[in-house]
Amino acid sequence: MYDIAIIGAGVVGGMIADTLAKYDLKLCILEKESDVAMGATRANSAIVHAGFDAAEGSLKARMNVRGSEMMKDVTTRLGVKYNNNEALVVGFEHERDEVKAIYERGLANGVKGLKFLESEELHALEPHLNKDLTCALLATTSAIVCPYELCLAAVGNAMDNGAELMLDFEVSAIDKNGDAYTVKAADGRTVETKYIINSAGVYSDKVAAMTGDADFTITPRRGEYMLLDKECGNFTQRTIFHTPTKMGKGILVSPTVDGNLLLGPTATDIDDKDDTSTTAEGFATIFAKASDNVADIPFNKVITSFCGLRATGSTHDFIIKEKDGVVTLGGIESPGLSSAPAIAEYVEEILGGINALGAKKTSYKAERRPAHYFRELSMAEKNEIIKKNPAYGKIVCRCEGITEGEIVEALTTNPAAHDLDGVKRRTRSGMGRCQGGFCSPTVVELIAREHGIPFESVTKFGKGSIINYGKTKGDN
Amino acid sequence: MIRELTCIVCPKGCQLKVELEGKNILSVSGYTCKRGLAYAETECTAPMRTLTTTAPVEGGGVVPVKTDKPVPKELLFKCMEVVNSACVAKDAKLGDVVVENILDTGANIVTTRNVQL
Amino acid sequence: MKADLVIIGGGPAGMSAAVAAYDAGIRDIIILERDKSLGGILRQCIHNGFGLHRFKEELTGPEYAYRYELQVRERNIPFKLNTMVLDITPSKVVTAMNSEDGLFTIEAKAIILAMGCRERPKGALNICGRRPAGIFTAGTAQKFVNMNGYMPGKKVVILGSGDIGLIMARRMTLEGAEVKAVCELMPYSGGLARNIEQCLNDFSIPLMLSHTVVEIHGKERVTGVTIAKVDERRKPIPKTKQYIECDTLLLSVGLLPENELTKSANIILDRITGGAVVDQNRQTEIEGIFACGNVLHVHDLVDYVSEEAEIAGKAAAAFINGKHANDKSLKLVTDGKVRYTVPQCITACADVTVYFRVADVYRDVRIVVRDGDKVLVNKKKQKVAPGEMETVTLTKEMIEGVSTDTLSFSIEA
């Protein structure tokens, strides 16, 4: 019997797990995919929003402003890269009133560090902007993080503190038995738990329905992105938004914490909850809209494109509620990443209110070693490590400079990677300019070796995503 | 009948024209070296190819191999079957014979590198 | 550590440069190779067709590489394997890492860059669809098949008709896969004519010119691709879309010189070749740093790589020995039909072979080299194509006689 089962290992579920791991609870995280951070967390804009977007008085506004305030400490504690790079909401002359309105709303939401900029100041800050832009809102608290890095660290820290992660656990039914719940997976596994946290992202409405709650629906909103080579990472220093529309914050141009340049997202409402296709229209929209704000973007430096789904709720605000021991989190669309620490704190408060938490652990370890610590070390420190473990002297991914030691670490530390994409998200191996062309056969070898599985059983991202069909010729 | 060929003897890839009457070659044009002429002639009568592939190594893995001279083109897949069921010794060196006189073609399958690096 | 000559890369270029430098009297050489053996990408190019120029016989990639490896070993030229160079500075300090030595630096008198090239990845192509397993560059698939001995696909579509794509069409077919088509965006193939003949035509694999892949289907593994014909501006024509069922998409859409280290030394790159700007000695703008092989510009024949590397090796030796002539200053300019030349400039009076590529397929043309109005070379060609590198040799006398400061290269009717 578990005390708490968290359904969905995205950044929200992960932050909740990390927050609850300090209590003396038997905790499990149930994830439908073969790895954590596979839903909206895998592919989004990676922005810690300052909090000027959401309507005054909304739960979104409250969570965003609080989450943004907490983010620096949370990322420091979990060893996750965080860059307070600031953001600009830019506008043409005819949009001046809208930019002003956003500024006012930010003030009303309690966002600190906002400033209205005139043309000259704006272009002095960011020389690559479209010269026709005449005004902007500067948000000095806006920052960037890597969403899956944060999720991996949060889940990893929860696991290091005793939480269990069950992968490929697609919840198919939830039954109430007296004071407890039985959560059933599609493959027949079951989990008994006293409390449930539904952080199932685009599937949160389906999971809610299994607990008898049909109050809201989630419409997946597709967002396509393009990622440019690291040579372009300094093209803009700040995150550049355009004045927002009903469908979201428009196409942004932003550096990433890893030094690439990110363009996107588009916004298309769809029915299929896992249709992450990119489209020709999407590419065209990104080219056109990004160019409205930033001039001469080197589109020939695109190294990859991808698509993520945002969980857009029917109520247009975050839904966070508790009933009969089930905490439901619905409609956690943008700014879900920014809000995640605050949502976790709020869930902790709700669970405390129904006496679900009990005493804190004495053994809880709050700090986590950064996943990328090796790269930050000095030459002498690296040589110390290489002397003890030669695998750290062997570069596998030449574009990103990732060593065998770091890849083995990703395959053996919580939450361990099991496939090629899992290694990529944890180490950046294969994420550079050659996109895994050189290193993927070697990474496949390492996965097979570390997990003791045949070479041909290694997948790209679990399930049927096989990479090789078997040997070219029989064994001898 | 005129048959047009791309010479595969060297990277120049000369465009050859072969005038044929049944199986008899009346003339060849477009070649720029003697080997090109020879290629045109065999290609129109009995086309030959060098096979390059890999062979299984004792204890696992593969090593690159080739036929040490061209074999009839229509035998390529049959040669593959033979090579795929061969077994190369762990200590084989570049040039070692893996299959002798494969399918009676007169060609041997030889390794093209040392198994041990 | 210190060394007279550090060679970055132990493939055909690096080995050939090392041998040439050694034979020119340099002894304090070190080759740094990132892989577990010498040979570079040739190790996985198990097909034949190498060495016709250098050795007057047809060798496979591993055999060609081994000939040079033996030359390196016979001379006892030191090399470090599994060693990745992480940085080079304009003052020729090389930082590298491996398991035995950890992170270390070498102060070099001269450096030869011989890092090779990489394949252009899918991301750069903006193909629609999801990102299932089963999309590989041709070279990655080649490594899985030839080095690991595994089959990355059973039903294959290949995008791009570069030589690696063509070679892999045959290779996968021989190993039992069905290669359904090779799509080429351009109206002509970028690969060698002989490879179209022996890799596609021999196996009745269709080469679809002016076609591209517009969408990838499949959630976990590729289940098919949609291809379409493209118009003159290379835009897909919607009504020509067709679906091909397959489990694998191989990409052979171009090679890019791998010049991250070159950039770290602040060496100017040629916008077209993607490699350093060099003189006839393959010296970059930084004295004592040379470049050769595919890191300088992508070659179609390894024989030319070896030839070029010898030039760089000899020149590096001359530089180390302080015998470096500098008695001329010529810029080589092109007309656009000639896309680029290597070298891009000439700094001494000597016989110089200039390598270049053209922008399109041209028939019955002349390759013309001019000094102002004066025609120095006027070479007739039946056909020139982007896939095939051309050469022109300028004699020492010609170069001495040049009266202006530029030589112009053009393709004329």
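Most tightly packed first, judged by the mean number of other beta-carbon atoms within 10 Å of their residues, the peptides A:419-430, C:298-309, A:229-240 read A:419-430, C:298-309, A:229-240. Dipole magnitude for region B:2-45: about 180 debye, using +1 per Lys or Arg Cβ and -1 per Asp or Glu Cβ, origin at the Cα centre. Working from the Cα coordinates of region A:386-476, the gyration tensor eigenvalues give, after taking √(5λ), semi-axes of 21, 15, 14 Å in decreasing order.
Straight-line reach from B:K90: taking Cα to Cα under 12 Å and skipping same-chain neighbours fewer than 8 places apart, the aspartates and glutamates in range are B:E58.
Measuring nothing but how far apart in sequence close Cα pairs (under 8 Å, 6+ apart) lie, relative to its length, chain C scores a relative contact order of 16 percent. Here's the list of lysines a cross-link from B:K23 could span, going by alpha-carbon distance under 23 Å and ignoring same-chain residues fewer than 8 apart: B:K34, B:K73. The order of the peptides C:5-12, A:385-392 by mean Cβ neighbours within 10 Å, most packed first, is C:5-12, A:385-392.
Working from Cα pairs under 8 Å separated by at least six residues, relative contact order for region B:2-45 is 34 percent.
As a rough footprinting exposure proxy, the listed residues C:S161, C:S37, C:S410 were ranked by other beta carbons within 10 Å of their own, and the order from fewest upward is C:S410, C:S37, C:S161. Highest mean packing first, where packing is the average number of other Cβ atoms within 10 Å per residue, the peptides C:89-96, C:394-401, B:47-54 line up as B:47-54, C:89-96, C:394-401.
Length, then width, then depth: along the principal axes, the Cα atoms of region C:201-271 run 47, 34, 31 Å.
Relative to the compact-globule scaling 2.2 N^0.38 Å, provide the ratio for the alpha-carbon radius of gyration of chain C. List each step's numbers first, then the result.
On the way: Rg = 22.1 Å, N = 413, 2.2 N^0.38 = 21.7 Å.
Taking N as the residue count of chain C, the ratio is 1.02.
Summarise the partner chain shielding of A:425-437 as one whole number: the mean count of Cβ atoms from other chains within 10 Å of each residue's Cβ. If you can, show how the numbers build up before the last one.
Details: counts 0, 0, 0, 0, 0, 1, 0, 3, 8, 10, 10, 5, 12.
Going residue by residue through A:425-437 and averaging, the value is 4.
Tally Lys and Arg at +1 and Asp and Glu at -1 over the other residues with C-beta under 11 Å from the C-beta of A:Y2: what net charge comes out? Within the 11 Å Cβ shell, the charges total -1. For chain A, adding -39500 (n - 2.57) for each run of n ≥ 4 DSSP H residues and dividing by the number of residues yields -9500 deg cm²/dmol at 222 nm. With a threshold of 30 Å on the Cα-Cα distance, the over-threshold entries among C:K235/C:K331; B:K66/C:K337; A:K230/C:K383; A:K112/A:K382; A:K424/C:K80 are C:K235/C:K331; B:K66/C:K337; A:K230/C:K383; A:K112/A:K382.
Dipole orientation for region B:2-45: of the candidates B:G30, B:C44, B:C10, B:C10 has the Cα lying most toward the positive pole (charges on Cβ; Lys, Arg +1; Asp, Glu -1). Residue by residue along C:149-158, Cβ atoms of other protein chains within 10 Å of the local Cβ number 5 on average. A cut-off under 11 angstrom between Cβ atoms defines the neighbours of C:I135, and their net charge, with Lys, Arg +1 and Asp, Glu -1, is +4. Measuring nothing but how far apart in sequence close Cα pairs (under 8 Å, 6+ apart) lie, relative to its length, chain A scores a relative contact order of 20 percent. Panel order for C:R363, C:R34, C:R221, by other beta carbons found within 10 Å of each beta carbon, from fewest to most: C:R363, C:R221, C:R34. Size descriptors for the protein assembly as shown (Cα atoms only): Rg and Dmax, in that order, 30.8, 100 Å. Only aspartates and glutamates eight or more places from A:K81 in sequence, or on another chain, were considered; those with a Cα closer than 12 Å are A:D73, A:E149, A:D258, A:E376. Rounded to the nearest 20 debye, the dipole size of the protein assembly as shown about its Cα centre is 1260 debye, using +1 on the Cβ of Lys and Arg and -1 on the Cβ of Asp and Glu.
For the residues of B:5-16, the average number of beta carbons from a partner chain within 10 Å of their own beta carbon is 6.
In whole angstrom, region A:310-431 maps to an equivalent ellipsoid with semi-axes of 39, 20, 12, each derived as √(5λ) from the alpha carbon gyration tensor and ordered largest first. Charge dipole (Cα centre; +1 on Lys/Arg Cβ, -1 on Asp/Glu Cβ; no other charges) of region C:326-413 amounts to roughly 320 debye. Of the DSSP H helices in chain C, those that are both long (alpha-carbon extent of 24 Å or more along the helix axis) and hydrophobic (Kyte-Doolittle mean at least 0.5) are C:302-320. When the pairs C:K2/C:K323; A:K26/A:K361; A:K301/A:K460 are compared against a 23 Å limit on Cα-Cα distance, A:K301/A:K460 fall above it. Would you be so kind as to identify which of C:I289, A:I47, A:I7 lies farthest towards the positive end of the dipole of the protein assembly as shown, taking Lys and Arg as +1 and Asp and Glu as -1 on Cβ and the Cα centre as origin? With unit charges placed on the Cβ atoms, the residue in question is C:I289.
Each reported figure results from applying straightforward, stated rules to the coordinates on display, with no laboratory input. Nothing here was measured: the structure is a model prediction, and the numbers come from that model. Neighbour counts are summed over all protein chains in view; Cβ atoms, including those assigned to glycine, are modelled from backbone coordinates with ideal geometry.
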